[in-house]
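Asker: This is the structure, below, for whatever I ask next.
The values are calculated or read from the model by the stated rules, or taken from the named source; none is laboratory data. Please read all numbers here as calculations on a predicted model, not as lab measurements. As a convention, Cβ positions derive from the backbone with ideal geometry for all residues, glycine included, and neighbour counts pool all protein chains shown.
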């Protein structure tokens with residue numbers, strides 16, 4: 001790979017089950033970037049949230065926001081090229097907004113959350129490239145079922161549809177830097193080397209790498 005003149009900050013965005021973690025790991029291995037993964041297995045709120053979204057939505061979103069902010073600062077100040085599994089922008093633009101709109105987060109809590117988010121992002125460097133994995137609902141449902149996380153098995157199709165709607169709205173408005181949209185339904189970059197090479201080629205082109 002061509003040497004880079006400055007550290008790069010790459011973010012991988014996408015709905016639940018779109019393959020963000022796998023692509024983050026594979027791109028990190030290929031390019032020599034340091035990966036930062038979304039905190040899932042050690043998240044103390046996820047099981048409670050999926051059991052009672054209204055009761056735990058604010059707690060969950062604050063947990064994600066705090067951890068993502070710390071990771072974002074650590075990454076961009078490390079002097080290394082890094083790649084992040086899910087960006088801080090998705091917390092506010094997708095998940096918190098959706099929970100509020102479907103009545104799972106009170107207006108008071110959402111306003112408080114949105115105000116905190118607005119203050120936080122003023123201190124953050126934007127990604128040098130945002131990679132969005134676009135998936136259909138059928139593909140997301142299959143992937144979630146295949147990976148078998150117990151707390152995800154109760155996720156309703158309607159919830160995924162709502163999230164996809166917000167993802168498309170956010171991506172349509174995204175102006176923070178370069179954006180690469182990957183249509184991922186028919187890609188298996190974990191098991192098919194040619195599919196991974198295709199995505200790597202797209203990333204190289206967007207970053208201007210030889």
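Asker: Considering only residues that are under 17 Å from the mean Cα position of the chain (by Cα) and either within 16 Å of residue 200 (Cβ to Cβ) or surrounded by fewer than 16 Cβ atoms within 10 Å (Cβ to Cβ) (or both), which ones fall in the range 21-32? Quick ask: steps written out before the conclusion?
Answerer: Filtering the range 21-32 down to residues under 17 Å from the mean Cα position of the chain (by Cα) leaves 21-28.
Matches in the range 21-32: 22, 23, 24, 25, 26, 27, 28.
Asker: Where in the range 33-144 are the strands (runs of 3 or more DSSP E), entirely inside, with at least 2 residues that are in contact with a strand residue (DSSP E or B) (Cβ under 8 Å, 6 or more places away or on another chain) and either surrounded by fewer than 17 Cβ atoms within 10 Å (Cβ to Cβ) or in contact (Cβ under 8 Å) with a residue 60 or more places away in the chain (or both)? Show your work before the answer.
Answerer: Numbers: elements: 34-36, 82-85, 129-134.
Counting at least 2 such residues, we get 82-85, 129-134.
Asker: Write out, first by first residue and then by second, each pair whose Cβ atoms fall under 9 Å of each other, whose residues are 6+ apart or on separate chains, and whose first residue, in the range 167-181, is on the phi < 0 side of the Ramachandran plot and modelled with pLDDT under 95 while the second is surrounded by 15 or more Cβ atoms within 10 Å (Cβ to Cβ) and not in a helix (DSSP H, G or I).
Answerer: 176/126; 176/127; 176/130
Asker: Please give the number of the condition residue 10 fails out of (1) part of a helix (DSSP H, G or I); (2) surrounded by 23 or more Cβ atoms within 10 Å (Cβ to Cβ).
Answerer: Among (1) part of a helix (DSSP H, G or I); (2) surrounded by 23 or more Cβ atoms within 10 Å (Cβ to Cβ), residue 10 violates only (1).
Asker: Of everything in the range 16-33 that's in contact with a helix residue (DSSP H, G or I) (Cβ under 9 Å, 6 or more places away or on another chain) and modelled with pLDDT of 95 or more, which residue is nearest to residue 139 (Cα to Cα)? Step through it out loud before you land on a result.
Answerer: The initial filter retains those residues of the range 16-33 that are in contact with a helix residue (DSSP H, G or I) (Cβ under 9 Å, 6 or more places away or on another chain), namely 16-19, 23, 26-27, 30-31, 33.
This time we only want the ones that are modelled with pLDDT of 95 or more, so: 23, 26-27, 30-31, 33.
Details: 23: 16, 26: 20, 27: 21, 30: 25, 31: 27, 33: 28 Å.
If we take residues in the range 16-33 being in contact with a helix residue (DSSP H, G or I) (Cβ under 9 Å, 6 or more places away or on another chain) and modelled with pLDDT of 95 or more, then 23 is nearest to residue 139 (Cα to Cα).
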